[in-house]
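The values are calculated or read from the model by the stated rules, or taken from the named source; none is laboratory data. Not measured: the values here are computed from a predicted model. Glycine also receives a Cβ, built like all others from the backbone with ideal geometry; neighbour counts cover every protein chain displayed.
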Amino acid sequence: MKLRLAALLLCASAVSAHAQDKVTAKSLLDQEFQVVGVVPSKDGPGVFMQKKSQLFFCLVVETPTSPDVATRYCKPVR
């Protein structure tokens, strides 16, 4: 029983740490990235964000019923 509890706590902390590390358009804006370009796509607008030599591409999505615009993913451009 103690082993199961320890395993669950370990998994929960790993999930929590991963959620905090997720890069979003908002987290990049909070780090003073600037929007430098936008491209349309069938899945939603693609947003290029840059800070000095770092460039990210983020795909954001929304629907008429969604309460906000959400980041589907952000990836560094290399």
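Some points to look at:
- Residue match in region 42-59 (condition: among the acidic types (Asp, Glu) and loosely packed, with under 10 Cβ neighbours inside 10 Å): no
- Candidate set: region 60-78, residues that are surrounded by fewer than 10 Cβ atoms within 10 Å (Cβ to Cβ) and among the β-branched types (Val, Ile, Thr); chosen: the one nearest to the chain's Cα centre (by Cα): THR63
- Within region 1-41, the set of residues being surrounded by 10 or more Cβ atoms within 10 Å (Cβ to Cβ), modelled with pLDDT under 50 and either touching a Cys at 6+ places or on another chain (Cβ under 7 Å) or not in a helix (DSSP H, G or I) (or both) is empty.
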